[in-house]
Amino acid sequence: MSATQAAIPAAARLRELIEGDEVVVAPGVFDGLSARLVEQAGFPAVYASGGALARSGGLPDLGLLGLGEVVDRLRPIVEAVSIPVIADADTGYGNALNTRRAAQEFARLGVAALHLEDQTFPKRCGHLDDKSLVPVEEMAQKLRAAGEALEGSGVVLIARTDAIAVEGLEAAFERAERYGEAGADVLFVEAPESEAQIEAIAERLPGPKLINMFQGGKTPLVPAGRLAELGYRIVIIPSDLQRAAVWAMQRTLEAIGEDGSSAAQAERMISFNEREEIVGTAGYLDLGERYGA
């Protein structure tokens, strides 16, 4: 990222990206380290997945984290990177007043965007069964509350509907259109189950659209280039990095359990020096010398 780009507020940069010609691919992260790896890999944005944040605390994605806990987990992610952070605000953690406060807290942190969903509270992962939805007007009021809280911040407001699994595709269209009228900048129809549905969403709904792509979900994987052609502007990949990290940790633990060390996994681990480079240890040591710390 150039110095000029870094000087532009994150929300403004995300808006520029959405208005550009390429789709914004935002891998899902769950802490400051995973966020920094995404930035170092050259991606234009990161996605702070609510499910990944919950699982980083050993909990399932069932709405078990409160606003304060989510804010505490979001802070190191925002601080670790200079690229825009798209944050999952779940259902707003309550009614329209709770949603307004959540939007204010997220904006203070410096997120570039947040998305709200129309599930009842407590919510569940969008690719789990037996979801339920709030009335359309209740969700519209939450979006109005969030929009007023974000006014002047530039933060992108994304509205997610989980209606496909509960009320069907046509109801999802109607809900998404209503949410756009209530002030959402980007529309997000969760868990389409076929490429035909993915194409229909892109064709039917106006304005920028976000889609969720991850390995093993209900939505078929479609290349980012094709999604851009269809009119999607943001692709989030919520859980793949965390799942890959879990797999790697399990293999390393197996080696330690068998041999008492991780030597058998040495070729699958970064080096000590590479680790220190990722977190910028040398820069901090230089600052420490300057300050006499």
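The values are calculated or read from the model by the stated rules, or taken from the named source; none is laboratory data. Note that the structure is predicted; figures quoted are calculated from it, not measured. Ideal geometry is used to build each Cβ from the backbone, glycine not excepted, and the neighbour counts take in all protein chains shown. Side chains are part of the model used for accessible areas, which takes the heavy atoms of the whole protein and leaves out ligands, DNA and RNA. Shrake-Rupley method; radii C 1.70, N 1.55, O 1.52, S 1.80 Å.
Values as computed for the structure displayed
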quantity: Conditions (1) in a loop (DSSP other than H, G, I, E, B); (2) more than 22 Å from VAL71 (Cβ to Cβ); number of the one not met by GLU199; calculated: (1)
quantity: Helices (runs of 4 or more DSSP H) (entirely within the range 1-65) containing at least 2 residues that are at pLDDT 95 or above and among the small types (Gly, Ala, Ser); calculated: 10-19, 32-40, 50-56
quantity: Some residue of the range 211-233 being open to solvent by less than 40 Å² (accessible area, probe 1.4 Å), in contact with a Ser or Thr (Cβ under 6 Å, 6 or more places away or on another chain) and under 21 Å from ASP31 (Cβ atoms); calculated: yes
quantity: Hits in the range 252-278 - residues which are open to solvent by less than 60 Å² (accessible area, probe 1.4 Å), of a type outside the set (S, T, N, Q) and within 21 Å of ASP31 (Cα to Cα); calculated: GLU276, ILE278
quantity: Number of positions in the range 110-129 that are surrounded by 22 or more Cβ atoms within 10 Å (Cβ to Cβ), among the small types (Gly, Ala, Ser) and at pLDDT 95 or above; calculated: 2
quantity: Residue under evaluation SER132, criteria (1) open to solvent by 20 Å² or more (accessible area, probe 1.4 Å); (2) more than 15 Å from GLY92 (Cα to Cα); (3) at pLDDT 95 or above; (4) not β-branched (Val, Ile, Thr), criterion not met; calculated: (3)
quantity: Failed item in (1) free of Cβ contacts under 8 Å to residues at least 12 places away in the same chain; (2) aliphatic (A, V, I, L, M); (3) open to solvent by less than 10 Å² (accessible area, probe 1.4 Å), with VAL24 passing the rest; calculated: (1)
quantity: Matching residues, the range 220-272, being among the β-branched types (Val, Ile, Thr) and either in contact (Cβ under 8 Å) with a residue 40 or more places away in the chain or over 30 Å from LEU114 (Cα atoms) (or both); calculated: ILE234, VAL235, ILE236, ILE237, THR252, ILE256, ILE270
quantity: Residue list for the range 142-157, restricted to those being closer than 13 Å to PHE106 by Cα and crowded, with 24+ Cβ neighbours inside 10 Å; calculated: ALA146, VAL155, VAL156
quantity: ALA41 being over 14 Å from the mean Cα position of the chain (by Cα), more than 29 Å from SER132 (Cα to Cα) and crowded, with 17+ Cβ neighbours inside 10 Å; calculated: no
